[in-house]
Each structure stands twice: as structure tokens, then as C-alpha cells.
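This report refers to the structure that appears directly beneath it.
The values are calculated or read from the model by the stated rules, or taken from the named source; none is laboratory data. Source: prediction; values computed, not measured. All Cβ positions, glycine included, derive from the backbone under ideal geometry; neighbour counts span all protein chains shown.
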Amino acid sequence: MKDALSEQGEGRTNWRRFAIAAVIPGAVAGALVAGVASGALAASFSVSGTQFKLSADQLVGDGFTQYSGVLGTEAGKTDPNANIPAAMSGIQSAKIYNLCQTVKVGSFVLRIEAGKDKAKPVEASNLVIGMSELNGDATFKNIDIGQDAATLTRDGRSGPEHGVPGTKAFGQQAESVTIDGLKQVAYSTSASTFKLTGMSLKLYLTGGQECFS
């Protein structure tokens, strides 16, 4: 998960070349899928299963959690094995500078940009991301690693959203997080508010315009 670790003042931990990969052991994934099937884990909407890329110069968030989860699909309503295990991150409030988001379907690329003006970043509240990969240079304030996921609260949520009680699911949370050079591959993003100042949306018919390769 981390390449180099250093302390930066009271309560601050800097993880250079921070990386997350959603590699979930089969037994854990099975328990998570079963949790969704029984209603123990919340799946707010059915995901398509198509991944998208998101990059930013910097993300600054207050109230951060990370845990393993399962994203529900339409097929998963009748076959829990069709649901998608993912690495989940929750952020109570976030500012995102120079955001780029792209999704590629065949040769088409849909690209969204916002928050290019440093004085007017993208703003989100109650942000929840289901991802397979995240890279960047991260600094956490007052981080707790190895906490029972079912007890996470820093992102403003509590209860079964983070994990099934009694399964000893791994989780971590921090008072705040800053990620520089963010690159993320995700299945889903949800937020109670998502303000994209200076947004532009373009459809590229010939590809080659993704946020990163």
C-alpha cells in the first residue's frame, strides 16, 4: 500500500507513491457478496460494471474512511456472485483541484473537466467511491489503520455501510487526507452534493483523450 513513510508534524503521516489495489481474498469477497444478498451491506444503486478514470492535481478531504465493499449490479439482484468487490473510500467533504474524468466505450471517450481555477475547486460532500485502483502522494492526519470496518465513522456514516459486524473486516480512517497527483480507476461515485465549477464535457469519437493511460 505504501512505498515510503514519513511523519510530518503532530498526527500527520505522509505516504509517498500511495497506491490502493482492490485485491480482496476469495473468502472475504464471498462474505461481502453474501452480506449484500442478505441486506447487511448497503448498495445505493446498481452499477454498470464499466470502469472510469479520474485524475486531479490535488484532493483535500475532511473525514476519510477506507474499507472493502461490494457494488450491486442488476444481475446481482438474482445472482449475488454477479456483484463487484471493490475498494471503498468515503470522504465527508472534499475539494478537488483540476479534475478530469473519462469513460471509454469502444472507440468513444466521454471526458469531463472542472475545477481548473485554483480558487474554484470541485466541491463534494458525503462522497463515496467504489474503485479498483488509486495512486498518488497521500498525507493523512490522525490515521487509524486496522480498525474494524463496521466501526468506521469519520466519513459521517456509520453502521453496515462499512462492513458486516462480526466479520472482522479491515478498515482505516483519518481526520483528513490530502492526495497529490491523484489517479483513480473506479466503478462508482456518489455524493449528496457535487459542485463542478467551470465544467466542460466533450465526446471524442476517435479515442486517445483519457485522463491518463
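Yes or no: Thr189 at pLDDT below 95 and either in contact with a Cys (Cβ under 6 Å, 6 or more places away or on another chain) or more than 20 Å from Tyr97 (Cβ to Cβ) (or both)?
When the stated conditions are applied, Thr189 does not pass them.
Quick one: in region 158-177, of everything that is outside any loop (DSSP other than H, G, I, E, B) and not small (Gly, Ala, Ser), which residue is modelled with the lowest pLDDT?
Restricting to residues being outside any loop (DSSP other than H, G, I, E, B) and not small (Gly, Ala, Ser), the top hit is Phe170.
Can you name the condition, by its number, that Lys120 falls short on among (1) touching a Ser or Thr at 6+ places or on another chain (Cβ under 6 Å); (2) under 26 Å from Ser176 (Cα atoms); (3) in a strand (DSSP E or B); (4) not small (Gly, Ala, Ser)?
With respect to (1) touching a Ser or Thr at 6+ places or on another chain (Cβ under 6 Å); (2) under 26 Å from Ser176 (Cα atoms); (3) in a strand (DSSP E or B); (4) not small (Gly, Ala, Ser), Lys120 is out only on (3).
Answer yes or no as to whether Asp155 is surrounded by 18 or more Cβ atoms within 10 Å (Cβ to Cβ) and not in a strand (DSSP E or B).
yes
Can you tell me which of Ala75, Ala82, Ala56 is of a type outside the set (Asp, Glu), crowded, with 20+ Cβ neighbours inside 10 Å and at pLDDT 55 or above?
After applying the criteria, what remains is Ala56.
Note down all Cβ pairs under 9 Å where the first residue falls in region 184-208 and is touching a residue at least 60 places away in the same chain (Cβ under 8 Å), the second is of a type in the set (A, V, I, L, M) and assigned to a loop (DSSP other than H, G, I, E, B), and they're at least six residues apart or on different chains.
From residues that are touching a residue at least 60 places away in the same chain (Cβ under 8 Å), the pairs are Tyr187/Val47; Ser188/Val47.
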